[in-house]
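The values are calculated or read from the model by the stated rules, or taken from the named source; none is laboratory data. Quick caveat, the model's predicted, so the values are computed rather than measured. Cβ: placed from backbone, ideal geometry, glycine included. Neighbour counts: every protein chain shown.
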Amino acid sequence: MQQIAAAAGVHYASTANLDTLLDECRGRILGMVGFGKPSPARRDIASAWVDMPVIGADRAYEVWASADPVQAGTSGRVRSARNAQILFGCVEIPEDPHTDYDALIYDDYCRIFDHLDDLGYPNLIRIWHYLPDIHLDERALERYKRFSLGRHEAFVAKGRAISTDAPAASAVGKRSGNTVICFLAAPRPGIPIENPRQVSAYAYPPQDGPRGPTFSRALFTSWDDLRQLYISGTAAIFGHRSQHEGDAGAQAVETIVNLRSVMDEAHAHGLIDVRRNTDLSFKVYLRQPEFRAMIEARLREAFGPSPSIIYLQADICRRELLLEIEVVCATGSQES
Ligand code: 3EB
């Protein structure tokens, strides 16, 4: 059986090795996110379940471990755990037919910022948004665009800059039910990295919705002797336009070129060289599960045989995009 390295950072687990990992990290778990078939809720740790099929397995888990013991915090729906350097939190937002989706997102986003400000971790580093019915038109505006609007307004209301304070992010569709938002935040700001091949997301032209998406292409941070580059959900976008409509193979290639471009940019800033001794943890969101084998081949060609990869079936926020890939690049004291 594979030995689990319960070092600080992110670990992927399956149903078979989750309990071993949680035991090894007892008292040091910042948070956990489960995907796939429902499993019993863990009330003792900051955790969330995302109703999103795992391709090729029944379930997959993302476990964020700390080197030091963690401290829990709750305010309303926001649950978190933190060490001195980093805080993991999550919130599950029930659907509310009487409230526009942008207002729903605005309210809980403001509560996230309040929680972070209260605890002294005001800098959002990395955030994941799992949105039910992402393509649904709600009173003539698609829910993803309402989401972007509510998020933007919350950044403004809570005194965050749309460009320099934008975290690394992913926003993808889940099945109906709660909206799930998970995040990492820190006392110190991360260093945002943009992709020279792409227009910054917060500067997209207004045709994509009344407010652009508030995220950076990647954020660099270091904590617990680890240096980490969190690369946002990345797709086949060049400039601000989607490429290779209807061609998953070409979208995969374009997406990997974008990932490389962000990695090269972080290296050019002297922050991290992912070609050397770096653990790469990928999440791949695919509209159609049958493309999994093709993507896996492309990723292994580009990044070698070792990366950990979770494959999830999800809607991507633009209808023409067939896939989106995010990465955590970690280097430092982490064993593997
Ligand atoms: C893109 O590059 C693809 O709205 O938070 C990727 C990552 C995308 C995050 C977000 C959207 C978001 O625009 C979509």
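A few remarks follow.
- Of all residues in the range 196-216, those that are under 15 Å from SER242 (Cα atoms) have Cβ atoms under 6 Å from Cβ atoms of residues that are in a helix (DSSP H, G or I) and away from the ligand (no atom under 11 Å from the Cβ), 6 or more apart or on another chain, in ARG197/SER261.
- For the range 96-106, the tally of residues that are within 16 Å of LYS158 (Cα to Cα) and surrounded by fewer than 17 Cβ atoms within 10 Å (Cβ to Cβ) stands at 1.
- Complete set of residues in the range 183-226 that are more than 30 Å from ALA65 (Cβ to Cβ) and of a type in the set (S, T, N, Q): GLN198, SER200, GLN207
- The one condition in (1) closer than 26 Å to PHE155 by Cα; (2) modelled with pLDDT of 95 or more; (3) not hydroxyl-bearing (Ser, Thr, Tyr) that VAL257 fails to fulfil: (1)
- Of all residues making up the range 156-176, the number that are within 13 Å of the ligand (Cβ to nearest atom), surrounded by fewer than 22 Cβ atoms within 10 Å (Cβ to Cβ) and not in a loop (DSSP other than H, G, I, E, B): 0
- Residues located in the range 177-212, provided they are more than 14 Å from the ligand (Cβ to nearest atom), small (Gly, Ala, Ser) and in contact with an Asp or Glu (Cβ under 6 Å, 6 or more places away or on another chain): GLY177
- Within the range 19-77, the only residue that satisfies the criterion of being among the β-branched types (Val, Ile, Thr) and in contact with a Cys (Cβ under 6 Å, 6 or more places away or on another chain) is VAL33.
- Matching residues in the range 23-75 - criterion: being among the hydroxyl-bearing types (Ser, Thr, Tyr), part of a strand (DSSP E or B) and surrounded by 18 or more Cβ atoms within 10 Å (Cβ to Cβ): SER47, TYR61
- Any hit, the range 268-291, residues being among the hydroxyl-bearing types (Ser, Thr, Tyr), assigned to a loop (DSSP other than H, G, I, E, B) and surrounded by 17 or more Cβ atoms within 10 Å (Cβ to Cβ): yes
- Yes/no for ASP117 being assigned to a helix (DSSP H, G or I), within 21 Å of ARG79 (Cα to Cα), acidic (Asp, Glu) and in contact with a strand residue (DSSP E or B) (Cβ under 9 Å, 6 or more places away or on another chain): no
- Yes/no for ILE316 being within 15 Å of the chain's Cα centre (by Cα) and either over 16 Å from ILE237 (Cβ atoms) or buried (at least 23 other Cβ atoms within 10 Å of the Cβ) (or both): yes
- Test: residue in the range 213-231 that is more than 16 Å from the ligand (Cβ to nearest atom), surrounded by fewer than 16 Cβ atoms within 10 Å (Cβ to Cβ) and outside any strand (DSSP E or B): yes
- When the range 322-336 is filtered for residues that are away from the ligand (no atom under 16 Å from the Cβ) and either in a loop (DSSP other than H, G, I, E, B) or under 25 Å from ARG241 (Cβ atoms) (or both), the ones remaining, listed by number, are SER333, GLN334, GLU335, SER336.
- Residue list for the range 303-321, restricted to those being within 12 Å of the ligand (Cβ to nearest atom) and not in a strand (DSSP E or B): ALA314, ASP315, CYS317, ARG318, ARG319, GLU320, LEU321
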